[in-house]
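Notes to accompany the following structure.
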Amino acid sequence: MPLDLARPAPSPTIIREASGAAPKLRTAVLGAGMLGIDLAQRLLGSASLDAPLVAGREGSSGLRQAARMGCAISTSGIQAVLDAHVDIVFDASSAEAHPAHWAELASANVMLIDLTPSSGGTMVAPTVNGFRAETQRHLSLVSCGGQAVLPVLNVVAKHSTVNYVEVVTTVASASVGPATRNNLDEYISTTGYAVRRLTDASTTKVLATISPALPAPAFRAQITVLADEIDSSALIAGVESAACAVREFAPGYEVSAVGVADDRITATVTVAARGGRLPAYAGNVEIINAAAVTLAERYASSRRA
């Protein structure tokens, strides 16, 4: 489950005759919770990805909503996806279910993008190593917390020698479904592993709070790093540049309170959902779904090359 930052050698250029607009890639979403339905809505608006098949549980209100949106729906799970012969599958089910989904799809000519905190696939964040979407068929998006903090920690690792990283995420209870609640242990371990791989820190700690407070709080991640050889000015400028890059696909992404004091680096990441599909506090859903579609569209562009 590497977080591989090395860029592969360029492949030979393929020249095609112009034949009008390239066909959209066929997609499927496993899971009809808040994550899966918001993802389906985003796919419906993509210029390079087709309307998805949405597979969920029988009687699911999410499936009924997907049908109203114009998506094909099924209660047959991974079998329905296999029968549909799609190009890209988004797994928005659960960490426990994901390994079986990959086992079924591994021999198919399909890209699988994992939105669960499972332990499989190449870990990817669009602004860190998004080029991996062009060559890898099994991508892990780590977690919503991972997508929020990895762009910042990538900059921190470039401008300091990292010893310790602590990430504390707070998410509104109303934006967390049953699968996410059941996968909190996987969320913590997978996010910690990605942070450790990216920063080479000897010690990492990830904490998560699901807040029932009203009004619902915005999705937030507090980052604390202990490091040596810190290049403060380059680090602060780099964090702002990284935040701008993330806002290209997640406009509600903000990094504030970036500070360096002696050997301590701190930063606060907040993500607000924008565009009217989600309540503003559901930035956790916003950041990972926006990343998933961005990577899928990058894959589609590479297929057209």
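The values are calculated or read from the model by the stated rules, or taken from the named source; none is laboratory data. Only a predicted model underlies this, so the values are computations on that prediction, with no experimental measurement involved. Cβ: placed from backbone, ideal geometry, glycine included. Neighbour counts: every protein chain shown. For accessibility, only protein heavy atoms count, side chains too; no ligands or nucleic acids. Shrake-Rupley method; radii C 1.70, N 1.55, O 1.52, S 1.80 Å.
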Exercise. When only residues in segment 22-68 that are touching a strand residue (DSSP E or B) at 6+ places or on another chain (Cβ under 7 Å) and charged (D, E, K, R) count, which is nearest to Asp91 (Cα to Cα)?
Worked result: Asp50
Exercise. Could you list, in sequence order, the residues of segment 43-70 that are surrounded by 23 or more Cβ atoms within 10 Å (Cβ to Cβ) and either in contact with a Cys (Cβ under 7 Å, 6 or more places away or on another chain) or touching a residue at least 40 places away in the same chain (Cβ under 8 Å) (or both)?
Worked result: Leu43, Pro52, Val54
Problem set entry | Any strands (runs of 3 or more DSSP E) falling wholly within segment 106-195 and containing at least 1 residues that are among the charged types (D, E, K, R), more than 19 Å from Ala291 (Cα to Cα) and open to solvent by 10 Å² or more (accessible area, probe 1.4 Å) | 161-172
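Among the residues of segment 85-105, which ones are open to solvent by 40 Å² or more (accessible area, probe 1.4 Å) and farther than 23 Å from Met34 by Cα?
Within segment 85-105, the subset open to solvent by 40 Å² or more (accessible area, probe 1.4 Å) is 85, 96, 99-100, 102-104.
Correct list: His85, Ala103, Glu104.
Would you check which residues across segment 24-50 are on the phi < 0 side of the Ramachandran plot and part of a loop (DSSP other than H, G, I, E, B) and list them? Give the steps one after another, and end with the answer.
Narrowing segment 24-50 to residues on the phi < 0 side of the Ramachandran plot: 24-30, 32-50.
Result: Lys24, Arg26, Ala32, Gly33, Gly45, Ser46, Ala47, Ser48, Asp50.
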